[in-house]
1. What relative contact order, as a whole-number percentage, does the range 60-152 give when Cα pairs under 8 Å and 6 or more residues apart are counted?
2. I need to check one value: relative contact order of the chain, counting alpha carbon pairs closer than 8 Å and at least 6 residues apart, in percent.
3. Only Lys, Arg, Asp and Glu count, each charged at its Cβ (+1, +1, -1, -1), so figure out the dipole size of the range 38-166 about its Cα centre, rounded to 20 debye.
4. Using a Förster radius of 30 Å, what is the FRET efficiency between Ala9 and Leu127 based on their Cβ-Cβ separation? Nearest 0.05, please.
5. Over the range 110-156, what is the relative contact order in whole percent, taking alpha-carbon pairs under 8 Å and six or more residues apart?
6. Within the accessible area of the chain, what % is carbon and sulfur when the probe is 1.4 Å and the other protein chains stay in place?
7. Per residue, how much accessible surface does the chain expose to a 1.4 Å probe? Answer in Å², no decimals.
8. Just want the answer: with Cβ charges of +1 for Lys and Arg and -1 for Asp and Glu, which residue in Leu103, Leu46, Asn25 is farthest toward the dipole's positive end in the chain?
Amino acid sequence: MTESAIAVANNTVIEFHYRLFDADNQKLEDTNTGAPQATLIGHHRLLQGVEAAMLGKYGGESLIITLPPERAYGVRDETRVERIPKKYFANPKLLRPGIRTGLRRKQGGVQPVTVVKVGAKVVDVDLNHPYAGKTVTFELDLLSVRAATHDEIKQKQVRGPTTNSR
């Protein structure tokens, strides 16, 4: 891990790896097999509870954060299942129950959904986040922290190299 002399604060860029577990300690996600994640702090890019726990930490530190559903991916809402015409999906022939896909919205943009049921002309989709209703634990390894550039702050996203060169 790279150490950093800058603490995590608003308008800093952090580079990190994480592992995400459910309440039964089943691994849901793990970024350690790929490139580190990088994000701009203070611009709603991370779950609020995760970002709050990182504030004041330094590159080279690790932390464990457990969040209840209401502070993580939300409480599951059974009314958030909709029946959508197949024409709003890019590849309707590939749809199968249980897969995650993108739903093209009339007002523009794509919303991630989970397919529940596929009919002849319509698809039932679950609009809840797949981890909604779950208590989750993040194991985070902060690799580096640096000041964000003026352009990154203005555009609210990371640009260029993320690691500090010390």
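1. Details: 149 pairs, mean separation 38.3, N = 93.
Computed value for the range 60-152: 41 percent relative contact order.
2. On the way: 347 pairs, mean separation 57.7, N = 166.
Computed over the chain, the figure is 35 percent.
3. On the way: 22 positive and 12 negative charges, 171 e Å.
It comes to approximately 820 debye.
4. Values: r = 34 Å, r/R0 = 1.14.
The calculated FRET efficiency here is 0.30.
5. Working: 22 pairs, mean separation 10.7, N = 47.
Rounded, it is 23 percent for the range 110-156.
6. Values: 4830 of 9800 Å².
The computed percentage sits at 49.
7. On the way: 9800 Å² over 166 residues.
Accessible area per residue, the chain: 59 Å².
8. Comparing the listed Cα positions along the dipole, Leu103 ranks first.
The values are calculated or read from the model by the stated rules, or taken from the named source; none is laboratory data. Keep in mind that this is a model prediction, so the values were computed, not measured. Ideal geometry is used to build each Cβ from the backbone, glycine not excepted, and the neighbour counts take in all protein chains shown. For accessibility, only protein heavy atoms count, side chains too; no ligands or nucleic acids. Shrake-Rupley method; radii C 1.70, N 1.55, O 1.52, S 1.80 Å.
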